[in-house]
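Below: the structure, in C-alpha coordinates.
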Amino acid sequence: MGFFDFMTEDIAIDLGTANTLIIHNDKVVIDSPSIVARDRISGKIIAVGKEANLMQGKTHENIKTIRPLKDGVIADFDASEKMINMFIKSIPALKKRLFTPALRMVVCIPSGITEVEMRAVKESCERVNGKEVYLIHEPMAAAIGIGIDIMQPKGNMIVDIGGGTTEIAVIALGGIVCDKSVKIAGDVFTNDIVYYMRTQHNLFVGESTAEKIKIEIGAAIEDLESPPNEMSVQGRDLLTGKPKQVDVSYREIAKALDKSIQRIEDAVMETLSQTPPELAADIYNTGIYLAGGGSMLRGLDKRISLKTDLPVYIAEDPLRAVVRGTGIALKNINKYRSILIK
(Lines give C-alpha, C1' and ligand atoms only; values in the text may rest on other atoms or scores of the structure.)
Protein backbone atom coordinates (compact mmCIF):
# COMPACT_ATOMS: atom_id res chain seq x y z
CA MET A 1 0.00 0.00 0.00
CA GLY A 2 2.88 2.35 1.01
CA PHE A 3 2.60 5.15 -1.49
CA PHE A 4 -1.17 5.02 -1.69
CA ASP A 5 -1.63 5.29 2.06
CA PHE A 6 -0.70 8.90 1.90
CA MET A 7 -3.17 9.37 -0.95
CA THR A 8 -6.04 7.81 0.99
CA GLU A 9 -8.23 9.76 3.38
CA ASP A 10 -10.48 8.19 6.00
CA ILE A 11 -13.99 9.53 6.45
CA ALA A 12 -16.92 8.33 8.54
CA ILE A 13 -20.41 9.19 7.34
CA ASP A 14 -23.75 9.12 9.08
CA LEU A 15 -26.06 9.36 6.11
CA GLY A 16 -29.29 10.26 7.84
CA THR A 17 -32.79 10.97 6.60
CA ALA A 18 -32.75 14.39 8.26
CA ASN A 19 -29.06 15.18 8.72
CA THR A 20 -25.80 14.01 7.23
CA LEU A 21 -22.70 14.12 9.39
CA ILE A 22 -19.14 13.45 8.32
CA ILE A 23 -16.07 12.92 10.50
CA HIS A 24 -12.60 13.44 9.07
CA ASN A 25 -9.44 13.39 11.22
CA ASP A 26 -11.54 12.88 14.38
CA LYS A 27 -13.50 16.09 13.80
CA VAL A 28 -17.09 16.52 12.71
CA VAL A 29 -16.50 18.51 9.55
CA ILE A 30 -19.97 18.31 8.02
CA ASP A 31 -23.22 18.55 9.96
CA SER A 32 -25.93 19.50 7.52
CA PRO A 33 -29.53 18.74 6.66
CA SER A 34 -29.83 15.95 4.06
CA ILE A 35 -31.53 18.03 1.43
CA VAL A 36 -30.65 19.31 -2.03
CA ALA A 37 -32.23 21.93 -4.26
CA ARG A 38 -32.35 21.20 -7.95
CA ASP A 39 -32.96 23.53 -10.88
CA ARG A 40 -35.78 21.91 -12.85
CA ILE A 41 -34.69 23.26 -16.22
CA SER A 42 -30.96 22.48 -16.23
CA GLY A 43 -31.23 19.61 -13.75
CA LYS A 44 -28.26 21.07 -11.85
CA ILE A 45 -28.04 20.97 -8.07
CA ILE A 46 -28.02 24.61 -6.97
CA ALA A 47 -27.80 24.20 -3.20
CA VAL A 48 -27.21 21.51 -0.66
CA GLY A 49 -27.47 21.21 3.12
CA LYS A 50 -28.26 24.30 5.16
CA GLU A 51 -28.74 26.53 2.11
CA ALA A 52 -31.19 24.11 0.51
CA ASN A 53 -32.94 23.70 3.84
CA LEU A 54 -33.74 27.41 3.97
CA MET A 55 -35.45 27.08 0.58
CA GLN A 56 -37.73 24.27 1.72
CA GLY A 57 -41.39 25.13 1.25
CA LYS A 58 -40.52 28.46 -0.37
CA THR A 59 -39.67 27.45 -3.92
CA HIS A 60 -41.16 28.44 -7.28
CA GLU A 61 -41.74 25.93 -10.05
CA ASN A 62 -38.17 26.02 -11.37
CA ILE A 63 -36.61 24.93 -8.09
CA LYS A 64 -37.37 21.68 -6.36
CA THR A 65 -36.07 20.72 -2.95
CA ILE A 66 -35.41 17.01 -2.60
CA ARG A 67 -34.67 14.92 0.45
CA PRO A 68 -32.79 12.04 -1.18
CA LEU A 69 -33.25 9.74 1.82
CA LYS A 70 -36.56 8.45 3.05
CA ASP A 71 -37.04 6.17 6.07
CA GLY A 72 -33.28 5.85 6.39
CA VAL A 73 -32.72 4.54 2.88
CA ILE A 74 -31.83 6.14 -0.42
CA ALA A 75 -34.97 7.11 -2.31
CA ASP A 76 -33.38 9.30 -4.99
CA PHE A 77 -30.14 7.71 -6.07
CA ASP A 78 -28.93 10.52 -8.30
CA ALA A 79 -29.64 13.29 -5.79
CA SER A 80 -28.08 11.37 -2.91
CA GLU A 81 -24.91 10.74 -4.84
CA LYS A 82 -24.59 14.41 -5.77
CA MET A 83 -25.31 15.39 -2.19
CA ILE A 84 -22.62 13.08 -0.74
CA ASN A 85 -20.24 14.31 -3.41
CA MET A 86 -20.84 17.98 -2.61
CA PHE A 87 -20.48 17.37 1.12
CA ILE A 88 -17.18 15.53 0.65
CA LYS A 89 -15.91 18.23 -1.69
CA SER A 90 -16.69 20.87 0.91
CA ILE A 91 -14.58 19.26 3.66
CA PRO A 92 -12.02 22.00 4.41
CA ALA A 93 -9.00 19.67 4.60
CA LEU A 94 -9.83 18.00 1.27
CA LYS A 95 -10.47 21.30 -0.51
CA LYS A 96 -6.77 22.05 -0.51
CA ARG A 97 -5.94 18.86 -2.40
CA LEU A 98 -5.29 19.12 -6.11
CA PHE A 99 -7.33 16.05 -6.95
CA THR A 100 -9.87 14.11 -4.90
CA PRO A 101 -8.00 11.56 -2.83
CA ALA A 102 -9.14 7.95 -2.69
CA LEU A 103 -11.38 7.51 0.32
CA ARG A 104 -11.75 4.81 2.89
CA MET A 105 -15.24 5.15 4.29
CA VAL A 106 -17.42 3.72 6.97
CA VAL A 107 -21.08 4.54 6.45
CA CYS A 108 -23.88 3.62 8.78
CA ILE A 109 -27.15 2.06 7.67
CA PRO A 110 -30.43 1.22 9.43
CA SER A 111 -30.62 -2.34 10.74
CA GLY A 112 -33.86 -3.16 8.92
CA ILE A 113 -32.41 -2.44 5.49
CA THR A 114 -32.61 -4.79 2.49
CA GLU A 115 -29.71 -6.04 0.35
CA VAL A 116 -30.73 -3.79 -2.53
CA GLU A 117 -30.88 -0.70 -0.33
CA MET A 118 -27.53 -1.62 1.14
CA ARG A 119 -26.02 -1.84 -2.32
CA ALA A 120 -27.46 1.57 -3.21
CA VAL A 121 -25.60 3.17 -0.30
CA LYS A 122 -22.42 1.35 -1.21
CA GLU A 123 -22.57 2.27 -4.88
CA SER A 124 -23.30 5.91 -4.07
CA CYS A 125 -20.12 5.99 -2.01
CA GLU A 126 -18.01 4.13 -4.53
CA ARG A 127 -18.98 6.65 -7.18
CA VAL A 128 -17.65 9.54 -5.12
CA ASN A 129 -14.22 7.89 -5.05
CA GLY A 130 -14.71 5.49 -2.16
CA LYS A 131 -12.07 2.80 -2.70
CA GLU A 132 -12.89 0.84 0.45
CA VAL A 133 -16.44 1.21 1.68
CA TYR A 134 -17.55 -0.43 4.90
CA LEU A 135 -21.06 -0.36 6.31
CA ILE A 136 -22.02 -0.47 9.96
CA HIS A 137 -25.45 -0.93 11.50
CA GLU A 138 -26.80 2.20 13.11
CA PRO A 139 -27.55 0.83 16.61
CA MET A 140 -24.01 -0.58 16.71
CA ALA A 141 -22.51 2.77 15.78
CA ALA A 142 -24.74 4.49 18.34
CA ALA A 143 -23.61 2.08 21.06
CA ILE A 144 -19.93 2.68 20.27
CA GLY A 145 -20.62 6.44 20.16
CA ILE A 146 -22.29 6.35 23.57
CA GLY A 147 -19.18 4.68 24.92
CA ILE A 148 -20.44 1.15 25.51
CA ASP A 149 -17.88 -1.62 25.12
CA ILE A 150 -19.91 -3.67 22.66
CA MET A 151 -17.48 -6.61 22.54
CA GLN A 152 -18.24 -7.58 26.16
CA PRO A 153 -20.56 -10.53 26.87
CA LYS A 154 -23.02 -8.05 28.35
CA GLY A 155 -26.40 -7.00 27.04
CA ASN A 156 -27.11 -3.35 26.26
CA MET A 157 -30.24 -1.87 24.79
CA ILE A 158 -30.05 1.03 22.37
CA VAL A 159 -32.99 3.07 21.09
CA ASP A 160 -31.90 5.37 18.28
CA ILE A 161 -34.65 7.76 17.21
CA GLY A 162 -33.53 9.39 13.99
CA GLY A 163 -35.37 11.32 11.29
CA GLY A 164 -36.73 8.45 9.24
CA THR A 165 -36.48 5.39 11.46
CA THR A 166 -36.30 4.39 15.08
CA GLU A 167 -33.79 1.62 15.59
CA ILE A 168 -34.11 -0.53 18.67
CA ALA A 169 -31.48 -3.14 19.34
CA VAL A 170 -30.08 -5.35 22.06
CA ILE A 171 -26.35 -5.68 21.58
CA ALA A 172 -23.89 -8.16 23.09
CA LEU A 173 -20.57 -9.71 22.05
CA GLY A 174 -20.20 -7.31 19.14
CA GLY A 175 -23.46 -8.33 17.51
CA ILE A 176 -27.12 -7.45 17.41
CA VAL A 177 -29.08 -10.10 19.29
CA CYS A 178 -32.57 -8.78 18.62
CA ASP A 179 -33.63 -5.64 16.87
CA LYS A 180 -36.59 -3.79 15.51
CA SER A 181 -36.65 -0.95 13.04
CA VAL A 182 -39.84 1.12 12.91
CA LYS A 183 -40.56 3.91 10.48
CA ILE A 184 -41.77 6.25 13.18
CA ALA A 185 -39.30 8.95 14.06
CA GLY A 186 -38.62 12.67 13.74
CA ASP A 187 -40.30 13.10 10.35
CA VAL A 188 -43.50 11.48 11.57
CA PHE A 189 -43.46 13.70 14.66
CA THR A 190 -43.20 16.73 12.40
CA ASN A 191 -46.14 15.56 10.29
CA ASP A 192 -48.16 14.89 13.45
CA ILE A 193 -47.68 18.52 14.42
CA VAL A 194 -48.72 19.76 10.96
CA TYR A 195 -51.86 17.64 11.22
CA TYR A 196 -52.62 18.78 14.76
CA MET A 197 -52.29 22.48 13.90
CA ARG A 198 -54.53 21.92 10.93
CA THR A 199 -57.30 20.09 12.75
CA GLN A 200 -57.18 21.85 16.13
CA HIS A 201 -56.31 25.41 15.15
CA ASN A 202 -57.40 25.58 11.52
CA LEU A 203 -53.86 26.71 10.85
CA PHE A 204 -51.88 25.43 7.91
CA VAL A 205 -48.15 25.36 8.77
CA GLY A 206 -45.22 24.23 6.67
CA GLU A 207 -42.85 21.42 7.53
CA SER A 208 -40.04 23.76 8.56
CA THR A 209 -42.36 25.58 10.98
CA ALA A 210 -43.63 22.29 12.41
CA GLU A 211 -40.06 21.17 12.93
CA LYS A 212 -39.31 24.44 14.71
CA ILE A 213 -42.31 23.82 17.01
CA LYS A 214 -41.04 20.30 17.71
CA ILE A 215 -37.60 21.56 18.70
CA GLU A 216 -38.79 24.59 20.70
CA ILE A 217 -41.67 23.09 22.67
CA GLY A 218 -41.93 19.42 21.68
CA ALA A 219 -42.74 17.07 24.56
CA ALA A 220 -43.63 13.45 25.17
CA ILE A 221 -45.53 13.90 28.43
CA GLU A 222 -48.09 16.48 29.50
CA ASP A 223 -46.57 17.39 32.85
CA LEU A 224 -42.97 18.44 32.57
CA GLU A 225 -40.92 19.59 35.55
CA SER A 226 -39.44 22.57 33.74
CA PRO A 227 -41.90 23.37 30.95
CA PRO A 228 -40.92 25.55 27.97
CA ASN A 229 -42.84 28.79 27.37
CA GLU A 230 -45.72 28.98 24.92
CA MET A 231 -44.69 29.54 21.34
CA SER A 232 -46.24 31.81 18.75
CA VAL A 233 -46.78 29.99 15.50
CA GLN A 234 -47.50 31.70 12.19
CA GLY A 235 -49.17 30.08 9.23
CA ARG A 236 -52.17 30.36 6.94
CA ASP A 237 -55.70 30.39 8.32
CA LEU A 238 -57.63 27.64 6.55
CA LEU A 239 -60.97 29.45 6.90
CA THR A 240 -60.13 32.98 5.81
CA GLY A 241 -56.96 32.25 3.83
CA LYS A 242 -55.22 35.05 5.72
CA PRO A 243 -51.88 34.63 7.49
CA LYS A 244 -52.43 34.29 11.23
CA GLN A 245 -50.67 33.54 14.48
CA VAL A 246 -51.62 31.19 17.32
CA ASP A 247 -50.01 30.47 20.67
CA VAL A 248 -49.28 26.81 21.30
CA SER A 249 -48.22 25.12 24.52
CA TYR A 250 -46.07 22.03 24.97
CA ARG A 251 -49.08 20.13 26.33
CA GLU A 252 -50.76 20.34 22.94
CA ILE A 253 -47.66 19.00 21.22
CA ALA A 254 -47.52 16.13 23.70
CA LYS A 255 -51.12 15.33 22.70
CA ALA A 256 -50.25 15.59 19.02
CA LEU A 257 -47.32 13.19 19.32
CA ASP A 258 -48.92 10.75 21.75
CA LYS A 259 -49.97 8.08 19.21
CA SER A 260 -46.60 7.98 17.49
CA ILE A 261 -44.70 7.80 20.76
CA GLN A 262 -46.96 4.96 21.82
CA ARG A 263 -45.89 3.03 18.76
CA ILE A 264 -42.24 3.56 19.64
CA GLU A 265 -42.97 2.38 23.19
CA ASP A 266 -44.68 -0.73 21.81
CA ALA A 267 -41.66 -1.50 19.64
CA VAL A 268 -39.38 -1.15 22.67
CA MET A 269 -41.64 -3.50 24.66
CA GLU A 270 -41.69 -6.00 21.83
CA THR A 271 -37.89 -5.99 21.55
CA LEU A 272 -37.61 -6.51 25.32
CA SER A 273 -40.00 -9.44 25.09
CA GLN A 274 -37.76 -11.13 22.50
CA THR A 275 -34.59 -10.66 24.53
CA PRO A 276 -32.96 -13.86 25.88
CA PRO A 277 -33.27 -14.04 29.68
CA GLU A 278 -29.55 -13.65 30.44
CA LEU A 279 -29.43 -10.44 28.45
CA ALA A 280 -32.70 -9.26 29.98
CA ALA A 281 -30.98 -9.61 33.34
CA ASP A 282 -28.14 -7.40 32.11
CA ILE A 283 -30.54 -4.80 30.77
CA TYR A 284 -32.34 -4.70 34.11
CA ASN A 285 -29.05 -3.45 35.54
CA THR A 286 -27.78 -1.29 32.70
CA GLY A 287 -31.07 0.23 31.51
CA ILE A 288 -31.86 1.67 28.10
CA TYR A 289 -29.76 4.15 26.15
CA LEU A 290 -31.40 6.74 23.91
CA ALA A 291 -29.61 8.30 20.96
CA GLY A 292 -30.57 10.31 17.88
CA GLY A 293 -32.35 13.65 17.62
CA GLY A 294 -35.68 12.19 18.73
CA SER A 295 -34.25 11.39 22.15
CA MET A 296 -34.13 15.15 22.85
CA LEU A 297 -37.92 15.31 22.98
CA ARG A 298 -38.71 16.62 26.46
CA GLY A 299 -39.85 13.92 28.86
CA LEU A 300 -39.38 11.03 26.43
CA ASP A 301 -36.80 9.39 28.69
CA LYS A 302 -39.21 9.61 31.60
CA ARG A 303 -42.07 8.22 29.56
CA ILE A 304 -40.12 5.20 28.30
CA SER A 305 -38.80 4.67 31.81
CA LEU A 306 -42.35 4.55 33.23
CA LYS A 307 -43.44 2.15 30.52
CA THR A 308 -40.54 -0.28 30.87
CA ASP A 309 -39.69 0.17 34.59
CA LEU A 310 -36.06 0.55 33.53
CA PRO A 311 -33.63 3.42 33.93
CA VAL A 312 -33.33 5.40 30.69
CA TYR A 313 -30.23 7.41 29.79
CA ILE A 314 -29.84 9.94 27.01
CA ALA A 315 -26.49 9.90 25.21
CA GLU A 316 -24.48 13.09 25.42
CA ASP A 317 -24.83 15.06 22.19
CA PRO A 318 -27.36 12.47 20.94
CA LEU A 319 -27.44 13.91 17.40
CA ARG A 320 -23.80 12.97 16.95
CA ALA A 321 -23.66 9.67 18.84
CA VAL A 322 -23.99 7.63 15.65
CA VAL A 323 -21.36 9.49 13.67
CA ARG A 324 -19.01 9.44 16.68
CA GLY A 325 -19.37 5.67 16.85
CA THR A 326 -18.84 5.37 13.11
CA GLY A 327 -15.67 7.45 13.45
CA ILE A 328 -14.37 5.28 16.31
CA ALA A 329 -15.04 2.12 14.29
CA LEU A 330 -13.10 3.61 11.38
CA LYS A 331 -10.18 4.59 13.57
CA ASN A 332 -9.95 1.17 15.23
CA ILE A 333 -10.88 -0.67 12.08
CA ASN A 334 -9.03 -3.84 13.07
CA LYS A 335 -10.75 -4.11 16.43
CA TYR A 336 -14.18 -3.63 14.89
CA ARG A 337 -13.53 -5.55 11.66
CA SER A 338 -16.07 -8.20 12.71
CA ILE A 339 -19.00 -5.79 12.89
CA LEU A 340 -18.28 -3.93 9.67
CA ILE A 341 -20.04 -5.11 6.53
CA LYS A 342 -17.77 -5.12 3.52
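The values are calculated or read from the model by the stated rules, or taken from the named source; none is laboratory data. Just so it is clear, the model here is predicted, and its values are computed rather than measured. Every residue, glycine among them, receives a Cβ derived from its backbone with ideal geometry; neighbour counts consider all protein chains shown. Ligands, DNA and RNA are stripped out before the accessible areas are found, and what is left, the full protein with its side chains, is counted by its heavy atoms. Shrake-Rupley method; radii C 1.70, N 1.55, O 1.52, S 1.80 Å.
Remarks
- Two-decimal log10 I(q)/I(0) for region 1-107, as the Debye equation yields it once each C-alpha is a single scatterer, q = 0.15 Å⁻¹: -0.65
- Each principal axis of region 148-283 carries a Cα extent, and these read 61, 29, 22 Å when sorted largest first.
- For the chain, a crude dipole built from +1 on the beta carbon of Lys and Arg and -1 on the beta carbon of Asp and Glu, taken about the Cα centre, is about 1160 debye to the nearest 20.
- Between region 139-162 and region 96-138, the alpha-carbon center distance in angstrom: 22
- Solvent-free Debye calculation, one equal scatterer per alpha-carbon of region 157-211: log10 I(q)/I(0) at 0.15, 0.17, 0.18 Å⁻¹ equals -0.53, -0.60, -0.64.
- Computed from point charges on the beta carbon alone (+1 for Lys and Arg, -1 for Asp and Glu), the dipole magnitude for region 163-211 about its Cα centre is near 120 Debye.
- Accessible surface, per residue, of the chain when the full set of protein chains is kept, probe 1.4 Å, Å²: 48
- Region 105-145 shape via C-alpha gyration tensor axes, a/c threshold 1.5: oblate
- Based on Cα contacts under 8 Å between residues 6+ apart, the chain shows a relative contact order of 18 percent.
- Local electrostatic count, PRO243, Cβ distance below 11 Å [Lys/Arg +1, Asp/Glu -1]: +2
- Of all accessible heavy-atom area on region 148-248, the percent that carbon and sulfur account for (1.4 Å): 46
- Using only alpha-carbon positions in region 30-91, the gyration tensor eigenvalues give semi-axes of 17, 13, 12 Å once each is multiplied by 5 and square-rooted (largest first).
- Sum of side-chain charges, THR17 neighbourhood, beta-carbon under 9 Å (Lys, Arg +1; Asp, Glu -1): 0
- In loop segments of region 268-342 as defined by DSSP, the GluC sites (Glu not before Pro) with at most 16 further C-beta atoms inside 10 Å of their C-beta are GLU316.
- Projecting the Cα positions of GLY235, ILE35, LEU173 onto the charge dipole of the chain (unit charges on Cβ atoms of Lys, Arg, Asp and Glu, taken about the Cα centre) puts ILE35 furthest along the positive direction.
- Expressed as a whole percent, the accessible surface of region 1-119 that belongs to carbon and sulfur atoms is 56, based on a 1.4 Å probe.
- Per the Cα gyration tensor, region 186-239 maps to an equivalent ellipsoid with semi-axes of 20, 12, 10 Å, ordered largest to smallest.
- Summed residue charge, Cβ within 13 Å of MET151's Cβ, Lys/Arg positive, Asp/Glu negative: +2
- Taking every DSSP bridge with both residues inside the chain, close to 65 percent are antiparallel.
- nm² value of the averaged projected area, convex hull over the Cα atoms of region 60-129: 6.2
- Since only VAL116, ALA47, ALA141 are under comparison, the one whose Cα sits farthest along the positive direction of the charge dipole of the chain, derived from C-beta charges on Lys, Arg, Asp and Glu, is ALA47.
- Paired Rg and Dmax values of region 89-192, which use every Cα atom, in angstrom: 16.3, 47
- Given in Å, the Rg to one decimal and the Dmax to the nearest whole number for the Cα atoms of the chain are 20.8, 70.
- A convex hull fitted around the alpha carbon atoms of region 234-327 yields 147 Å³ per residue.
- Accessible surface of SER232 - all protein chains present, 1.4 Å probe, nearest 10 Å²: 50
- Taking Cα centre as origin and charging only the Cβ of basic (Lys, Arg, +1) and acidic (Asp, Glu, -1) residues, the dipole magnitude of region 28-145 rounds to 540 debye.
- Ranking ASN285, MET269, ILE304 by Cα position along the charge dipole of region 227-305, where only Lys, Arg, Asp and Glu carry charges on their C-beta atoms, puts ILE304 farthest toward the positive end.
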